[in-house]
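Visitor: Before we start, here is the structure in question, set down as C-alpha cells.
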C-alpha cells in the first residue's frame, strides 16, 4: 500500500470512529443531541491586543483560602457590610469581619449531600439538589438580596437572610435552564440572564463546546410578577450590570466574547447594540462608582478557540475523539488557567487590563467588584477570594 493509500485509509477509519464513537470516550458521548454552532464573533484582528506586561494581578492578596469554595459573586449590603458570596454547596455566606456566617440558602431540600467536600468540582453532581447561587445583588432601598440560582431561577431573600423566595422559574412558558447573573434598578425591576435553556450549569463545558444560542436576557417586574424576555438567541449570555445613570445595561455574551448594550430609556429604548469587543471569554461585569465597567475574563481567546468557533463541523468531529472534556477545556483556554480583568469606559473604550498570564496567584476570576480602592475578585472555580489594591 502506498503512503497516500495508508493515509486515506487511516482518515476514513478516523471519520467512521468519530461518527460512531463506539467506546463512548468522547467529551460529548453522554449528549446524543449535541450540536456545534458557529460562533458569530468579531474577526481575529478586532480583538484587543493590549496586555498587562507586569502581570499586576500577581500582586493580589489571597484571602479566605479554603474557607469559601467557588465564590462566584461578591456583594456588600447597603450598610457596607460584607462581603457576601454564594458558594458551591448552595449557601450564601457573610463575612462579619472575623468569620464567615451562614446568611441564606436557595434549596429547601438540603441534606448530607450538601456537606463540605474537598474540591469545588465535588459539588457539581448535586447542585440541582443543594442549589448553586451565582450572581448576587442587593436592592439598595429595601436591603433585599437578589440571587440568580443556576437551578432554582431568580430568587430573593430578606435582609435578615434565611431561605430564599422563588420569584420566577420560567419565561414565555420556557423554563429557566441556567440562571446566571442579576441586577436591580431603583424601581425594583430585576434584570437577569439565562445562559441556556438546553444545558444546565453542571454541563457548562458542553455549553462552552457547543456555543448554542438559546440564551436569554430577561426582566422581572415585581409589581406585576411578570417575566419578560428582552433579548433572545444569545450564545452564553452571562454577567449583567446597569449603567450608572440607569439608562441602559450591559451584558456579556461569553461565547462571542463581547459586551452588549441594551437601552432602557431614550429613543433607542428596547433595542440593543454591540458595546465592546473583549480579549477573551467573559463572566460577570460590574459597574464602579465612576460608571465604568469591570469585566472578569476567564482567559484570552486563543487562535485554537477562534478557528474552532468559526468551523462547527470541525469542532464536532474533534469533540468526538476519545479525548476528555477536561483536555478540551485546557485547549480552549490556551493550555493553562490564567485570569485577566478589563475595565471599559461608559462609551465602550478599553481603559485598563490587569493580568496574571501564568496563573501564579490568580488562576481564574468570575467577578470583579471595585470598592474603596480595591478590586474584590471572586471565582466559581477557586476556594478563595483575591483582593487587588488599585493604589
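Visitor: Compute the orientation-averaged projected area for segment 53-118 from the convex hull of its Cα atoms and round it to one decimal in nm². Provide the component values of the computation, followed by the final result.
Guide: Values: hull surface 25.3 nm².
Computing the convex hull of the Cα atoms and averaging its projections yields 6.3 nm².
Visitor: Comparing 370, 226, 212, which has the greatest mean-square fluctuation in the GNM of the chain with Cα pairs linked when under 10 Å apart?
Guide: Answer for the Gaussian network model of the chain: 226.
Visitor: Rounded to whole Å and sorted largest first, list the principal axis extents of the Cα atoms in segment 47-171.
Guide: Computed over segment 47-171, the largest-to-smallest principal extents equal 47, 38, 37 Å.
Visitor: What Rg and what Dmax come out for segment 119-270 when only alpha-carbon atoms are used, in angstroms?
Guide: Gyration radius and largest Cα-Cα distance of segment 119-270: 14.9, 49 Å.
Visitor: I've got another one for you. Just 194, 52, 283 to compare: in a GNM of the chain, with alpha carbon springs under 10 Å, which one fluctuates most?
Guide: 52
Visitor: Can you show me the helix-derived [θ] at 222 nm for the chain, built from DSSP H runs with n ≥ 4 at -39,500 (n - 2.57) apiece and divided by the number of residues, rounded to the nearest 500.
Guide: Numbers: 6 runs with 53 residues, N = 391.
Mean residue ellipticity, 222 nm, calculated: -4000 deg cm²/dmol.
Visitor: Expected output is a single nm value to one decimal: the length gained when fully extending between residue 225 and residue 185, i.e. 0.36 nm times separation in residues minus the C-alpha distance. What is it?
Guide: That pair, residue 225 and residue 185, stretches by 12.9 nm at full extension.
Visitor: Still on this model: How big is segment 266-308 by the Kirkwood estimate over distinct Cα pairs, in Å?
Guide: On the way: mean 1/r = 0.0781 Å⁻¹.
It is 12.8 Å.
Visitor: Now a separate question. What per residue convex hull volume, in Å³, do the alpha-carbon atoms of segment 196-239 yield?
Guide: Here the figure is 79 Å³ per residue.
Visitor: Here's something else I'd like to know. Quick one: what does P(r) look like for the chain with 10 Å bins over all Cα pairs, in whole %?
Guide: Percent of pairs per bin, in order: 5, 24, 34, 25, 9, 3, 1, 0.
Visitor: Next up: When the chain is treated as a GNM, springs tying every alpha-carbon pair under 10 Å, which of 216, 300, 371 comes out with the largest mean-square fluctuation?
Guide: So, out of 216, 300, 371, the one fluctuating most is 371.
Visitor: How much length, in nm to one decimal, is gained on full extension between residue 268 and residue 205, taken as 0.36 nm per residue of separation minus their Cα-Cα distance?
Guide: Taking residue 268 through residue 205 to full extension adds about 19.1 nm, to one decimal.
Visitor: If I model segment 270-391 as equal point scatterers sitting on the Cα atoms and use the Debye formula, what is log10 I(q)/I(0) at q = 0.20, 0.22 Å⁻¹?
Guide: Per q value, in the given order, log10 I(q)/I(0) is -1.12, -1.25.
Visitor: Apply 1/(1 + (r/R0)^6) to the Cβ-Cβ distance of residue 391 and residue 62, taking R0 = 25 Å, and write down the FRET efficiency to the nearest 0.05.
Guide: So the FRET efficiency works out to roughly 0.85.
Visitor: Regarding segment 208-270, what is the average projected area of its C-alpha convex hull, in nm²? Let's see the in-between values first.
Guide: On the way: hull surface 19.7 nm².
That works out to 4.9 nm², a quarter of the Cα hull's surface.
Visitor: Using alpha carbon centroids, what distance separates segment 209-251 and segment 124-202, in Å?
Guide: Rounded to whole Å, the Cα centres lie 12 Å apart.
We did not get these values from a lab; they are worked out from the coordinates using the rules stated. Predicted, not measured: the structure shown is a model, and the values here were computed from it. Cβ: placed from backbone, ideal geometry, glycine included. Neighbour counts: every protein chain shown.
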